[in-house]
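> Got a structure for you, questions after.
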Amino acid sequence: MPKIVIDGQEIEVPDGTTVLQACEMAGKEIPRFCYHERLSVAGNCRMCLVEVSGIPKPMASCALSVNDLRPGPNGEPPQVFTDSEVTRKARQGVMEFLLINHPLDCPICDQGGECDLQDQAMGYGRGVSRFREPKRAVENRYISPLIKTVMTRCIKCTRCVRFIADVAGLGDLGAIGRGEDVEISTYLDAALDTELAGNIVDLCPVGALTNATYAFRARPWELTKTETIDAMDAMGCNIRVDAKFDRLMRILPRLHEDINEEWISDKTRHVWDGLQKRRLDTPWVRENGRLRPASWEEAFDRIAEAFPKDAPDKAAAIAGGLAAAEEAFALKRLMQALGVASVDCRPPHVPLGTAGGRAGWLFNATIAGIDQADAILFIGTNPRYDAAVLNTRIHRAWFDRDVPVALLGEKPDLFYDFNWLGDNPQVLLELAEGRHAFAEVLRKAERPLIILGMGALKRPDAATLWSAAARLAQSVEAVKEGWNGFSVLHVEAGLVGALEVGCLPDDGGRDTAAILDAAEQEELSFVWLLHADELDMTRLARPFVVYQGSHGDAGAQIADVILPGATYVEKDVTFVNMEGRPQMTSRAILPPGEAREDWAILRKAADVLGVDVGFDSLEALRKAMYETAPHLAAIDSITPADPAGIGEIARLGGAIDEAPLKAPIADFWLTNPIARASDIMQRMSALRKDRANAGDAPDGGNGGNGGTAAETTGREAAE
């Protein structure tokens, strides 16, 4: 490994290390604007200049490899100076040039207080400028209704361009013009067609791109910052929630190398308004066919009257995708104490938990394990919508390592090449039996990855497809020592946690599909819904329905009693992501009105119904939960599942339905009650539909006039 001397300190670094990286290894701070650890090197800003012995001019350390440095005359390691007079003068000159045309917007700039340019101008600038020429102004560009642009501030670092190309996989953002006329643009002045565009706001070092939905709402020093976990999908992305006076202001990503790195989806970032709108803030009871506000005592009295104490087989409970692990466990405990066997956390027909144990429902390869996979097969999923941030790892595997990717199911619009195997589920049998060409690709791979989506697991023949995928994993040796490539791609934040704590039917109990059937046939008289809205509610019209949740969505519309609960930013609970990693949320704000944490509501219900659930506090609840699922106590750690369970699933067999495979998510922006309550998500959904409907129009539906109707609305909102 090459050696290098940095400010008198000799260190040894790996081959290919840049001088900037070597300086950071030596503990030296190097200013930069264009360089970013996860993006390709551009060398645009020149702020990272350092002095290198033997080279007559300062060098851009981000683009210079230590392997390219010449040793001294007697073989001494090359020397680099990060704080010499030459280096300081060079950086001051670069900063002076960068500020030639920069407007004096700091007092009104949304990035004020979080601006790299502010910080580095203070640390490395001269304090005065020798330029007296008029500043050049640049027209603002429409990039997205979620991004506010002030392009006069832009220093052409191209971080945004490289993120959209390298990470998101789009080619829609780039530079036009030459010299001082260079501008960053989407060329056609249309919105970026990606679910990750908001990340370029975090990357922008100068306030040229800022958060349109946060604009002029608060300053960073006014905000209370809470580190927590996202619940908009099953990845468990690490986020930071910023609030002002108990009002949510924005959501930002946090670094977690093994999950989301430092990216989040636009839905995660901008759903903050849905967390505060259409909220249930008081109990409701139905009287003469109409809902009216009620007290907690009256609501619980109604529940006590309606519950069939002498016939618990006529009662059932369903936990939805936004229920945390503690809440699903508490619901199960309550129903067990009442003698109710029909309890389920799974969508209709989903067979997870009936065989194979944890190996059957986890993303066994782990999210970070995608970086080791060398052949990938998707079954019944659209990774772009099901897990937008996870899809960036798939793109990186294809782009950096040329990993072959195939997809069986509804054909998606992905930003990388993939082999579409059609949507006929019979192809899965061909793959499992080795009669398909891609089976040979998987067999030759060292670490094949088979990703089974919820589009294949929400069908009547889901158990058969689940079994066929397990047989395929066995036949191509995707499950072996050191590697388990059989992985389930979930779309709901709470499902894995509920499965882990055993929120499943007891012997003789009904699953979700059977609960809905029994409710239609009047075999059930009482159903408890816990954050369960993604069901066909027309089938629950006859029994007495208790809905416990945070929003007035589908479940609340048909309920006889409504119990207002809390969202994931209003409570300290555990969510288990798709790979089985338990993570704790932290309360950022209080629930509105009389809403309460869901575990406490269930505990109070136990008192009203006269049963003992074995806990009186959240700590006691967690202790009981950890006795059932000890691995959940290891926060932020993954306990691998026993791969032997995959063999049990493979033996299930069964017949396959001829119906084509479909993706589980039709509208990325409106997947749960929180998203559907968000005006921002509704606007983005309308934009997506408008673009799709205009897809057959000339010029891609833009008609040469700068965008569709929804884009025009979004442009006006952004401006």
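The values are calculated or read from the model by the stated rules, or taken from the named source; none is laboratory data. Nothing here was measured: the structure is a model prediction, and the numbers come from that model. FYI the Cβ positions are ideal-geometry reconstructions off the backbone, even for glycines, and counts take in every protein chain you see. Side chains are part of the model used for accessible areas, which takes the heavy atoms of the whole protein and leaves out ligands, DNA and RNA. Shrake-Rupley method; radii C 1.70, N 1.55, O 1.52, S 1.80 Å.
> Within the stretch 644-681, restricting attention to residues that are of a type in the set (Asp, Glu) and in contact with a Lys or Arg (Cβ under 8 Å, 6 or more places away or on another chain), which residue is surrounded by the fewest Cβ atoms within 10 Å (Cβ to Cβ)?
Residues of the stretch 644-681 that are of a type in the set (Asp, Glu), as a first pass: 648, 657-658, 667, 679.
So of that shortlist, the ones also in contact with a Lys or Arg (Cβ under 8 Å, 6 or more places away or on another chain) come out as 657, 667, 679.
Details: 657: 15, 667: 14, 679: 12.
Here the residue is 679.
> Can you confirm whether the stretch 419-427 contains a residue that is assigned to a loop (DSSP other than H, G, I, E, B), touching a Lys or Arg at 6+ places or on another chain (Cβ under 8 Å) and over 29 Å from residue 644 (Cα atoms)?
Within the stretch 419-427, one or more residues are assigned to a loop (DSSP other than H, G, I, E, B), touching a Lys or Arg at 6+ places or on another chain (Cβ under 8 Å) and over 29 Å from residue 644 (Cα atoms).
> Among the numbered criteria (1) crowded, with 21+ Cβ neighbours inside 10 Å; (2) within 21 Å of residue 236 (Cβ to Cβ), which one does residue 502 miss?
Single failed check for residue 502: (1).
> Here's another thing I want to ask about it. Can you pull out every residue in the stretch 287-314 that is touching a helix residue (DSSP H, G or I) at 6+ places or on another chain (Cβ under 7 Å), of a type in the set (A, V, I, L, M, F, W, C) and surrounded by 15 or more Cβ atoms within 10 Å (Cβ to Cβ)? Outline the logic, then answer.
Of all residues in the stretch 287-314, those touching a helix residue (DSSP H, G or I) at 6+ places or on another chain (Cβ under 7 Å) come to 300, 303-304, 307-308, 312.
Checking the rest, the ones that are also of a type in the set (A, V, I, L, M, F, W, C) come to 300, 303-304, 307.
Once the filter is applied, which keeps residues that are touching a helix residue (DSSP H, G or I) at 6+ places or on another chain (Cβ under 7 Å), of a type in the set (A, V, I, L, M, F, W, C) and surrounded by 15 or more Cβ atoms within 10 Å (Cβ to Cβ), the stretch 287-314 yields 300, 303, 307.
Conditions (1) farther than 21 Å from residue 667 by Cα; (2) among the acidic types (Asp, Glu); (3) out of contact with any helix residue (DSSP H, G or I) (no Cβ under 7 Å at 6 or more places or on another chain), marked per residue:
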site	(1), (2), (3)
339	yes, no, no
342	yes, no, no
347	no, no, no
360	yes, no, no
363	yes, no, yes
370	yes, no, no
378	no, no, yes
386	no, yes, yes
446	yes, yes, yes
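> Report yes if residue 621 is surrounded by fewer than 17 Cβ atoms within 10 Å (Cβ to Cβ) and closer than 20 Å to residue 567 by Cβ, otherwise no. I'd like the intermediate steps shown before the answer.
On the way: surrounded by fewer than 17 Cβ atoms within 10 Å (Cβ to Cβ): no; closer than 20 Å to residue 567 by Cβ: yes.
No, not satisfied.
> List pairs: first residue in the stretch 541-568 and within 20 Å of residue 325 (Cα to Cα), second residue small (Gly, Ala, Ser) and assigned to a helix (DSSP H, G or I) anywhere in the structure, Cβ distance under 6 angstrom, at least six positions apart or on different chains.
Correct list of pairs: 547/555; 547/556; 549/555.
> Could we say that residue 692 is on the phi < 0 side of the Ramachandran plot, open to solvent by 40 Å² or more (accessible area, probe 1.4 Å) and over 27 Å from the mean Cα position of the chain (by Cα) here?
Values: on the phi < 0 side of the Ramachandran plot: yes; open to solvent by 40 Å² or more (accessible area, probe 1.4 Å): yes; over 27 Å from the mean Cα position of the chain (by Cα): no.
For residue 692, the condition - on the phi < 0 side of the Ramachandran plot, open to solvent by 40 Å² or more (accessible area, probe 1.4 Å) and over 27 Å from the mean Cα position of the chain (by Cα) - is not met.
> If we only count strands (runs of 3 or more DSSP E) wholly inside the stretch 514-587, which ones have 3 or more residues that are under 26 Å from residue 242 (Cβ atoms)? Let's see the steps before the verdict.
Details: elements: 526-530, 544-549, 561-564, 574-576, 582-584.
In the stretch 514-587, the matching strands (runs of 3 or more DSSP E) lie at 574-576, 582-584.
> Is it true that residue 367 is more than 23 Å from residue 495 (Cα to Cα), modelled with pLDDT of 95 or more, crowded, with 24+ Cβ neighbours inside 10 Å and out of contact with any Cys (no Cβ under 9 Å at 6 or more places or on another chain)? Spell out how you get there, then give the answer.
Details: more than 23 Å from residue 495 (Cα to Cα): no; modelled with pLDDT of 95 or more: yes; crowded, with 24+ Cβ neighbours inside 10 Å: yes; out of contact with any Cys (no Cβ under 9 Å at 6 or more places or on another chain): yes.
No; evaluated as a whole, the condition is false for this residue.
Conditions (1) open to solvent by less than 10 Å² (accessible area, probe 1.4 Å); (2) closer than 19 Å to residue 218 by Cβ; (3) aliphatic (A, V, I, L, M), marked per residue:
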site	(1), (2), (3)
240	no, yes, no
243	yes, yes, yes
249	no, yes, yes
255	no, no, yes
260	yes, no, no
264	yes, no, yes
276	no, yes, no
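> Can you tell me which residue within the stretch 62-98, out of those that are among the polar types (S, T, N, Q), open to solvent by 20 Å² or more (accessible area, probe 1.4 Å) and in a loop (DSSP other than H, G, I, E, B), is nearest to residue 33 (Cα to Cα)?
Let us first name the residues in the stretch 62-98 that are among the polar types (S, T, N, Q), namely 65, 67, 74, 79, 82, 84, 87, 92.
With the extra rule that they be open to solvent by 20 Å² or more (accessible area, probe 1.4 Å), the set shrinks to 65, 67, 74, 79, 84, 92.
Subset that is in a loop (DSSP other than H, G, I, E, B): 74, 84.
On the way: 74: 36, 84: 20 Å.
Selected residue: 84.
> Continuing with the same structure: Residues that are of a type in the set (S, T, N, Q), open to solvent by less than 20 Å² (accessible area, probe 1.4 Å) and assigned to a loop (DSSP other than H, G, I, E, B): does the stretch 133-140 have at least one? So that I can check it myself, show each step before the final result.
Residues of the stretch 133-140 that are of a type in the set (S, T, N, Q), as a first pass: 140.
Cutting the leftovers down to open to solvent by less than 20 Å² (accessible area, probe 1.4 Å) gives us none.
No: zero hits.
> Let me ask you something else. Please indicate, with yes or no, whether at least one residue in the stretch 691-700 is part of a helix (DSSP H, G or I), of a type in the set (A, V, I, L, M) and modelled with pLDDT of 80 or more. Spell out the reasoning first.
Quick first cut of the stretch 691-700, residues part of a helix (DSSP H, G or I) only: 691-693, 698-700.
If we keep only those that are of a type in the set (A, V, I, L, M) as well, we get 692.
Now restrict to residues that are modelled with pLDDT of 80 or more: 692.
Looking for residues that are part of a helix (DSSP H, G or I), of a type in the set (A, V, I, L, M) and modelled with pLDDT of 80 or more, one finds at least one in the stretch 691-700, hence yes.
> Select from the stretch 142-158 the residues that are within 17 Å of residue 106 (Cβ to Cβ) and of a type in the set (D, E, K, R) and write down the one among them that is least open to solvent (accessible area, probe 1.4 Å).
Among those that are within 17 Å of residue 106 (Cβ to Cβ) and of a type in the set (D, E, K, R), it is 153.
> Go over the candidates 218, 243 one by one and state the one that is at pLDDT below 95, more than 12 Å from the chain's Cα centre (by Cα) and among the hydrophobic types (A, V, I, L, M, F, W, C). If you could, list the steps in order and put the result at the bottom.
On the way: 243 fails: at pLDDT below 95.
Going through 218, 243 in turn, the sole match is 218.
> Scan the stretch 208-237 residue by residue and report those that are over 23 Å from residue 279 (Cβ atoms), open to solvent by less than 10 Å² (accessible area, probe 1.4 Å) and assigned to a strand (DSSP E or B).
Matches in the stretch 208-237: 209, 210.
Rundown of residues vs (1) over 25 Å from residue 471 (Cβ atoms); (2) at pLDDT 95 or above, yes/no style:
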| position | (1), (2) |
| --- | --- |
| 391 | yes, yes |
| 396 | yes, yes |
| 402 | yes, yes |
| 407 | no, yes |
| 420 | no, yes |
| 434 | no, no |
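> Follow-up. Go over the candidates 667, 642 one by one and state the one that is part of a loop (DSSP other than H, G, I, E, B), among the charged types (D, E, K, R), in contact with a helix residue (DSSP H, G or I) (Cβ under 8 Å, 6 or more places away or on another chain) and free of Cβ contacts under 8 Å to residues at least 24 places away in the same chain. I'd like the intermediate steps shown before the answer.
Values: 642 fails: free of Cβ contacts under 8 Å to residues at least 24 places away in the same chain.
Of the residues listed, the single one that is part of a loop (DSSP other than H, G, I, E, B), among the charged types (D, E, K, R), in contact with a helix residue (DSSP H, G or I) (Cβ under 8 Å, 6 or more places away or on another chain) and free of Cβ contacts under 8 Å to residues at least 24 places away in the same chain is 667.
> Also: Can you pull out the residues in the stretch 193-232 that are under 23 Å from residue 34 (Cα atoms) and among the β-branched types (Val, Ile, Thr)?
194, 200, 201, 206, 210
> Now for a separate question. Take residue 532 and tell me if it is under 29 Å from the mean Cα position of the chain (by Cα), among the small types (Gly, Ala, Ser), buried (at least 19 other Cβ atoms within 10 Å of the Cβ) and farther than 28 Å from residue 269 by Cα. So that I can check it myself, show each step before the final result.
Numbers: under 29 Å from the mean Cα position of the chain (by Cα): yes; among the small types (Gly, Ala, Ser): yes; buried (at least 19 other Cβ atoms within 10 Å of the Cβ): yes; farther than 28 Å from residue 269 by Cα: no.
So residue 532 does not fit the description; no.
> Look through 401, 396, 358 and report the one residue that is closer than 13 Å to residue 504 by Cβ and open to solvent by 10 Å² or more (accessible area, probe 1.4 Å). Lay out the reasoning, then the answer.
Working: 401 fails: closer than 13 Å to residue 504 by Cβ; 396 fails: closer than 13 Å to residue 504 by Cβ.
The unique qualifying residue is 358.
> Could you list, in sequence order, all residues of the stretch 569-581 that are closer than 16 Å to residue 325 by Cβ and over 17 Å from the mean Cα position of the chain (by Cα)?
To start, the set of residues in the stretch 569-581 that are closer than 16 Å to residue 325 by Cβ comprises 571-581.
Hits for the stretch 569-581 are 571, 572, 573.
> Can you find, within the stretch 1-51, the residue that is modelled with the lowest pLDDT among those that are surrounded by 16 or more Cβ atoms within 10 Å (Cβ to Cβ) and among the polar types (S, T, N, Q)?
Going through the qualifying residues, I end up with 44.
> If you don't mind, another one. For the stretch 1-22, what are the residues that are in contact (Cβ under 8 Å) with a residue 12 or more places away in the chain and assigned to a helix (DSSP H, G or I)?
19, 20, 22
> Among the residues of the stretch 664-677, is there at least one that is of a type outside the set (D, E, K, R) and modelled with pLDDT under 95? First the steps, then the outcome.
Our first condition is that a residue be of a type outside the set (D, E, K, R); within the stretch 664-677, this holds for 664-666, 668-675, 677.
Still in the running and modelled with pLDDT under 95: 666.
Yes, that holds for at least one residue.
> Given the criterion in a helix (DSSP H, G or I), modelled with pLDDT of 95 or more and not polar (S, T, N, Q), identify the matching residue among 502, 497. Write out each step before concluding.
Working: 502 fails: in a helix (DSSP H, G or I).
Just one listed residue meets the conditions, 497.
> Considering 121, 190, 197, which residue is in contact with a Leu (Cβ under 8 Å, 6 or more places away or on another chain), surrounded by 13 or more Cβ atoms within 10 Å (Cβ to Cβ), in a loop (DSSP other than H, G, I, E, B) and in contact (Cβ under 8 Å) with a residue 12 or more places away in the chain? Break it down stepwise before answering.
On the way: 121 fails: in a loop (DSSP other than H, G, I, E, B); 190 fails: in contact with a Leu (Cβ under 8 Å, 6 or more places away or on another chain).
So the residue among 121, 190, 197 that is in contact with a Leu (Cβ under 8 Å, 6 or more places away or on another chain), surrounded by 13 or more Cβ atoms within 10 Å (Cβ to Cβ), in a loop (DSSP other than H, G, I, E, B) and in contact (Cβ under 8 Å) with a residue 12 or more places away in the chain is 197.
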